[in-house]
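Working notes, structure below.
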Amino acid sequence: MRTTTRSSRPFLGTSRQSAVVVLGVSLLFASLLLGCATPTGNPEDFFKPTPESLQVRALQTRIFETPDEKELLSASAAVLQDLGFQIEESEVDMGILRAAKERSAREFSQEFTQGLVLLLSATASVFGGANAIFIMPVDLHQQIGATLATRPVEGEGSRFTVRILFHRKVWKGSGQSGDQSIPPGADRMQMIYDAEIYQQFFAKLAKGLFLEAHEI
Amino acid sequence: MTLSEAQLKIRSYQTRTFDVESQDKVVRGVVAALQDLGFIIERANAPMGLVTAGKFDKGGFVELTVTVRAKGTRQNEVRVNALFNTQPIDDPNAYQNFFTAVERSLFISS
């Protein structure tokens, strides 16, 4: 009798525990899924400026006092080269440059979360009896892109604005959800709004041209 | 081949004429407007007045092609067609907003 009581209690306890673990892991997955899902947008909004547009423009733009647009462009190309970029497209007559560089996108925090989720899902699989193993795909690789355009300041032949946009495209590695594998290669694009990157670029450009970069 | 009424309608809201003489000025205005809207300029061809650009937005990829052509001697015509996740965008308001951004960039430059 004693043995039965002992064995039945831990059994009840385990099923409760496993229910809690399964619930916890499901909630975690749900929040991960919600984080990934994005509402399909209204096409009107793609071409509407956002409240931050002006601020972003100021961050990405400087005015240079020079009559020589080609010099401005070739100095910009040289700075991008210094920063490790490859020039991929140029159209001098329109004042356009596009450049890119490849970098690793691995981050400790993501890989830590991946390990934690794997551990939790493995625990849930052991107690729940079903394969709930979840290997969260993490960022592996990124391409940093820069697009630059020069433009004469209206009515003046001797001043040009230079606007550069930095962005990054990140690719994820593979993962697994239960018996289903998640293929690698899912990507996302983000604009880079880190002021330091823009300041660094314009400081180098000003130095290369022996000119001062004026804020707009 | 003749264009159907629907195609003509789509072309009409994808096209806008600007009273600006210089094609170069209009193309650069388009580029500046696209940068303002967070687009990445992918390709540009000055002799053809052609710009292609794209951005990730609302969980998908928006891409567009713009061409600027001289219309007579004093005007330029801007034609744009945009796609969202490779499907054509046929909402006239989207194009209206695009041209408003170009207008702002051409006539209210800082």
Selection from the stretch A:43-57 of residues without any contact (Cβ under 8 Å) to a residue 12 or more places away in the chain and assigned to a helix (DSSP H, G or I) yields A:P43, A:E44, A:D45, A:F46, A:F47, A:S53, A:L54, A:Q55
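The rows are residues; the columns are (1) of a type outside the set (D, E); (2) more than 28 Å from A:Q55 (Cβ to Cβ).
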| site | (1), (2) |
| --- | --- |
| B:Q35 | yes, no |
| B:G38 | yes, no |
| B:A44 | yes, no |
| B:D57 | no, no |
| B:R69 | yes, yes |
| B:T73 | yes, yes |
| B:N76 | yes, yes |
Tally the residues that are at the interface with chain A (Cβ under 10 Å from one of its Cβ atoms) and among the charged types (D, E, K, R), restricting the search to the stretch B:64-110.
3
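Count, please, the residues in the stretch A:163-177 that happen to be among the small types (G, A, S) and under 20 Å from B:G60 (Cα atoms). Write out each step before concluding.
Residues of the stretch A:163-177 among the small types (G, A, S): A:173-175, A:177.
Cutting the leftovers down to under 20 Å from B:G60 (Cα atoms) gives us A:173.
Adding up the residues that qualify gives 1.
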Elements of type strands (runs of 3 or more DSSP E) in the stretch A:105-186, at least 3 residues being modelled with pLDDT of 90 or more:
A:139-152, A:159-172
Which members of the stretch B:1-54 meet the condition of being over 16 Å from A:M94 (Cα atoms), free of Cβ contacts under 8 Å to residues at least 60 places away in the same chain and touching an Asp or Glu at 6+ places or on another chain (Cβ under 8 Å)?
B:G38, B:G54
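A quick yes/no check of all residues on (1) under 30 Å from A:G157 (Cβ atoms); (2) touching a residue at least 40 places away in the same chain (Cβ under 8 Å):
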{"position": "A:Q60", "(1), (2)": "yes, yes"}
{"position": "A:A105", "(1), (2)": "no, yes"}
{"position": "A:G115", "(1), (2)": "no, no"}
{"position": "A:I135", "(1), (2)": "no, yes"}
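Restricting to the stretch A:83-104, name every residue that is in a helix (DSSP H, G or I) and in contact with a strand residue (DSSP E or B) (Cβ under 6 Å, 6 or more places away or on another chain). It would help to see each step written out before you state the result.
At the first step, the residues of the stretch A:83-104 found to be in a helix (DSSP H, G or I) are A:92-94.
Across the stretch A:83-104, the qualifying residue is only A:M94.
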In the stretch B:1-27, how many residues are surrounded by 13 or more Cβ atoms within 10 Å (Cβ to Cβ) and aliphatic (A, V, I, L, M)?
4
Please go through the stretch A:89-121 and pick out each residue that is away from chain B (no Cβ under 14 Å), within 30 Å of B:Q35 (Cβ to Cβ) and charged (D, E, K, R).
A:K101, A:E102, A:R103, A:E107
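Somewhere in the stretch B:30-37, is a residue small (G, A, S), more than 8 Å from every other protein chain (Cβ to nearest Cβ) and touching a Leu at 6+ places or on another chain (Cβ under 7 Å)?
No - not one qualifying residue is present in the stretch B:30-37.
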Filtering the stretch B:44-63 down to residues that are within 7 Å of chain A (Cβ to nearest Cβ) and either hydroxyl-bearing (S, T, Y) or farther than 21 Å from A:D187 by Cα (or both) yields B:A44, B:N45, B:A46
Among the residues of the stretch A:154-170, are any within 11 Å of chain B (Cβ to nearest Cβ), small (G, A, S) and without any contact (Cβ under 8 Å) to a residue 12 or more places away in the chain?
yes
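Residues to consider are B:Q96, B:Q7, B:Q35; find the one that is modelled with pLDDT of 95 or more and farther than 23 Å from A:L165 by Cβ. Don't jump to the end; show me each part of the working.
Details: B:Q7 fails: modelled with pLDDT of 95 or more; B:Q35 fails: farther than 23 Å from A:L165 by Cβ.
Testing whether each residue is modelled with pLDDT of 95 or more and farther than 23 Å from A:L165 by Cβ leaves just B:Q96.
The values are calculated or read from the model by the stated rules, or taken from the named source; none is laboratory data. Note that the coordinates shown come from a computational prediction; the quantities given were computed from them, not determined experimentally. FYI the Cβ positions are ideal-geometry reconstructions off the backbone, even for glycines, and counts take in every protein chain you see.
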